[in-house]
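First the structure, which I've put down as structure tokens, then a few questions once you've had a look.
The values are calculated or read from the model by the stated rules, or taken from the named source; none is laboratory data. All of these numbers come straight from a predicted model, not from anything done at the bench. We place every Cβ from the backbone using ideal geometry, glycine too, and count neighbours over all the protein chains shown.
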Amino acid sequence: MIRGVFYRKQRAALNGFHPVHRTLVEERATAVTLRPADTDGLIRSFAAHAAAIRRRRWRLPERVPGVLVPLMRVLAADMRADAPLGVAVDFRGPKAPGKEGPAIALPVRLPYLSVRQWFAFDPWLRMRAELRDGGALELAVVDRVRFRRIKKNSSRGKIKIKTKSKTVRLVTVSRRLPKGAVLTRPATPPPGWIAVRVKEGSRPVVRVRARLPESVEGPELVRRTLLMTTETFRWTAPQPRRSR
Amino acid sequence: MNPCGVITGFFLLNPCGRPSVTACARCGRALCQHHADASGLCPECAAPADPYDSGWASGYRRTYYSDSSTTYNDPNWYSTFDSYDRGAFDQGGDWASGGGDFDGDDFGDSGFVDS
């Protein structure tokens with residue numbers, strides 16, 4: 001087979017994209033630190049993807065327009081122009097090398113012949129933004145996937161093997177407040193699906209966690225993540241507004 | 001001098017405060033030269049629905065405010081907003097945004113954990 005004959009136009013288009021965009025398409029993972037103004041160039045590059053690339057292998061992961069871009073837009077809105085926005089994404093999935101843990105054998109009885117179980121931890125999104133108020137906001141989305149490989153005798157005497165998986169999505173949002181900030185307990189509690197931990201000190205930290213089902217994706221995941229982020233901001237007293 | 005009425009930021013809200021030169025053609029807010037777009041709209045009225053567009057966060061902020069209002073029901077949190085922002089919670093008011101954002105909270109409010 002002659003290499004380089006196919007997809008020449010699409011390859012040329014791919015080479016013209018933002019370097020971070022290209023790495024994400026080719027390796028399904030990337031980590032970068034950008035200034036808020038530089039995120040515009042990267043997002044414009046993402047926006048041009050669908051028109052230029054049709055090859056399935058080079059498709060843009062759905063989480064880029066669904067989750068990554070909206071969160072980049074929101075975080076950039078609260079940052080100084082020269083502050084760094086750190087983004088690390090890994091869309092290779094939970095079966096990528098290094099993500100799966102050791103398997104253990106579970107006790108079984110007939111008709112089951114064996115059940116092996118292992119877990120995979122897939123941290124597919126991490127972001128860190130230094131905010132305009134001198135604090136920092138970190139958010140992480142990790143999929144914890146349980147795999148079970150089940151070997152059993154069917155009623156007709158055949159040996160059947162199937163693998164099942166169950167995913168729990170763990171979302172963590174941490175806000176490190178600027179020095180000297182005072183924490184105030186919010187007047188109302190957060191929703192029951194949000195767990196809050198507070199660390200007092202010269203630079204207090206408010207950490208919010210939630211376990212979400214696998215079905216929470218795209219705009220709904222953005223919405224839930226922002227609601228969690230809201231909780232970290234409710235612990236600081238409202239700033240007096242200048243009269244306008 | 002009438003200052004610009006645009007609020008910048010998403011969680012850390014700040015009034016722009018620059019001298020206004022015009023008013024938004026849709027909501028009537030005072031606008032500075034920096035925040036008036038070519039069609040004479042403020043960033044929120046002109047906000048696109050696509051996150052790929054740079055002004056998306058300004059428009060999404062209103063949707064987010066009304067969503068967080070049903071989830072948290074926290075009067076102190078709302079006091080950080082100005083009358084324009086609070087309009088998102090006022091169903092049927094002059095500033096109310098579209099309908100359909102005022103559904104009840106589906107997640108319950110069983111209280112704090114580990115705080």
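At negative phi, modelled with pLDDT under 85 and facing another protein chain (nearest Cβ under 10 Å), is that true of A:Ala181?
It is false that A:Ala181 is at negative phi, modelled with pLDDT under 85 and facing another protein chain (nearest Cβ under 10 Å).
Which one of A:Leu24, A:Leu60, A:Leu110, A:Leu85 is surrounded by 16 or more Cβ atoms within 10 Å (Cβ to Cβ) and out of contact with any strand residue (DSSP E or B) (no Cβ under 6 Å at 6 or more places or on another chain)?
The unique qualifying residue is A:Leu60.
Follow-up. Please verify whether A:Arg175 is assigned to a strand (DSSP E or B), in contact with a helix residue (DSSP H, G or I) (Cβ under 8 Å, 6 or more places away or on another chain) and within 14 Å of chain B (Cβ to nearest Cβ), treating the condition exactly as stated.
Yes: the conditions hold for A:Arg175.
Quick check on the stretch A:197-234: of everything there that is surrounded by fewer than 21 Cβ atoms within 10 Å (Cβ to Cβ) and either under 23 Å from B:Pro15 (Cα atoms) or among the polar types (S, T, N, Q) (or both), which residue is modelled with the highest pLDDT?
Per the stated criteria, the residue is A:Ser215.
Being charged (D, E, K, R) and touching a helix residue (DSSP H, G or I) at 6+ places or on another chain (Cβ under 9 Å): is that true of A:Arg169 here?
yes
Among the residues of the stretch A:82-102, are any in contact (Cβ under 8 Å) with a residue 24 or more places away in the chain, out of contact with any Ser or Thr (no Cβ under 8 Å at 6 or more places or on another chain), within 14 Å of chain B (Cβ to nearest Cβ) and not in a loop (DSSP other than H, G, I, E, B)?
No - not one qualifying residue is present in the stretch A:82-102.
Give me the residue from the stretch B:1-32 that is over 20 Å from A:Arg80 (Cβ atoms), aliphatic (A, V, I, L, M) and part of a loop (DSSP other than H, G, I, E, B) and, out of that set, modelled with the lowest pLDDT.
So the residue we want is B:Met1.
Does A:Lys160 satisfy the condition of being exposed (fewer than 15 other Cβ atoms within 10 Å of the Cβ), within 31 Å of the chain's Cα centre (by Cα) and part of a strand (DSSP E or B)?
Against the criterion (exposed (fewer than 15 other Cβ atoms within 10 Å of the Cβ), within 31 Å of the chain's Cα centre (by Cα) and part of a strand (DSSP E or B)), A:Lys160 does not qualify.
Right, another one. Inspect all residues belonging to the stretch A:128-144 and state whether any of them is surrounded by 15 or more Cβ atoms within 10 Å (Cβ to Cβ) and farther than 30 Å from A:Ala181 by Cα.
Within the stretch A:128-144, one or more residues are surrounded by 15 or more Cβ atoms within 10 Å (Cβ to Cβ) and farther than 30 Å from A:Ala181 by Cα.
In the stretch A:204-230, which residues are within 25 Å of A:Glu130 (Cβ to Cβ), touching a residue at least 40 places away in the same chain (Cβ under 8 Å) and more than 8 Å from chain B (Cβ to nearest Cβ)?
A:Ala210, A:Leu221, A:Val222, A:Arg224, A:Thr225, A:Met228
Could you please find all residues in the stretch A:157-200 being of a type in the set (D, E, K, R) and closer than 25 Å to A:Val216 by Cβ?
Scanning the stretch A:157-200 gives A:Lys164, A:Lys166, A:Arg169, A:Arg175, A:Arg197.
Any idea which of (1) buried (at least 20 other Cβ atoms within 10 Å of the Cβ); (2) farther than 22 Å from A:Leu131 by Cβ is the one A:Pro97 doesn't satisfy?
Of everything listed in (1) buried (at least 20 other Cβ atoms within 10 Å of the Cβ); (2) farther than 22 Å from A:Leu131 by Cβ, A:Pro97 misses just condition (1).
Could I ask something else about it? For the stretch B:1-54: of the residues being more than 14 Å from every other protein chain (Cβ to nearest Cβ) and in contact with a Lys or Arg (Cβ under 6 Å, 6 or more places away or on another chain), which is surrounded by the most Cβ atoms within 10 Å (Cβ to Cβ)?
So the residue we want is B:Leu41.
So how many residues does the stretch A:44-64 have that are part of a helix (DSSP H, G or I) and in contact with a His (Cβ under 9 Å, 6 or more places away or on another chain)?
Final tally of qualifying residues: 6.
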